[in-house]
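Encoded as structure tokens, the structure appears first; notes follow it.
The values are calculated or read from the model by the stated rules, or taken from the named source; none is laboratory data. Predicted model, so just to flag it, every value in this text is computed and none were measured. Note: ideal-geometry Cβ built from the backbone for every residue, glycine included; neighbour counts use all protein chains shown.
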Amino acid sequence: MALKDLFERDVQELEREGILFTTLEKLVAWGRSNSLWPATFGLACCAIEMMASTDARNDLARFGSEVFRASPRQAD
């Protein structure tokens, strides 16, 4: 049994226990693929709350969700 096989077996065992092994690049890519981009849908009070969520006091931009998308395909 090669050292690489032993390492892969140990990694699989640790992953079953809930320990995650990844690179920073993969983690950043995962975060970008699962970013929160809300769909633009506003009727009466919902639209007011949506506009208020992007103001300076609430600042949704710090979470990366200031971009409202017009279709569900583009929204996460």
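Just a few scattered comments:
- Checked across segment 46-68, the condition of being under 30 Å from PHE7 (Cα atoms) and in a loop (DSSP other than H, G, I, E, B) holds for no residue.
- MET1 meets the conditions (1) modelled with pLDDT of 80 or more; (2) over 14 Å from the mean Cα position of the chain (by Cα) in every case but one. The failed one is (1).
- For first residues located in segment 41-53 and among the aromatic types (Phe, Trp, Tyr), partners that are modelled with pLDDT of 75 or more and not in a loop (DSSP other than H, G, I, E, B) and lie 6+ apart or on another chain with Cβ distances below 9 Å form the pairs PHE41/ALA47; PHE41/MET50.
- Considering only residues in segment 54-69 that are among the charged types (D, E, K, R) and without any contact (Cβ under 8 Å) to a residue 24 or more places away in the chain, the one that is surrounded by the fewest Cβ atoms within 10 Å (Cβ to Cβ) turns out to be ARG57.
- Put simply, of LEU36, LEU20, LEU27 the only residue that is closer than 30 Å to SER71 by Cβ and part of a loop (DSSP other than H, G, I, E, B) is LEU36.
- Unique match (being loosely packed, with under 10 Cβ neighbours inside 10 Å, modelled with pLDDT under 80 and within 30 Å of ARG9 (Cα to Cα)) among ARG32, ARG73: ARG32
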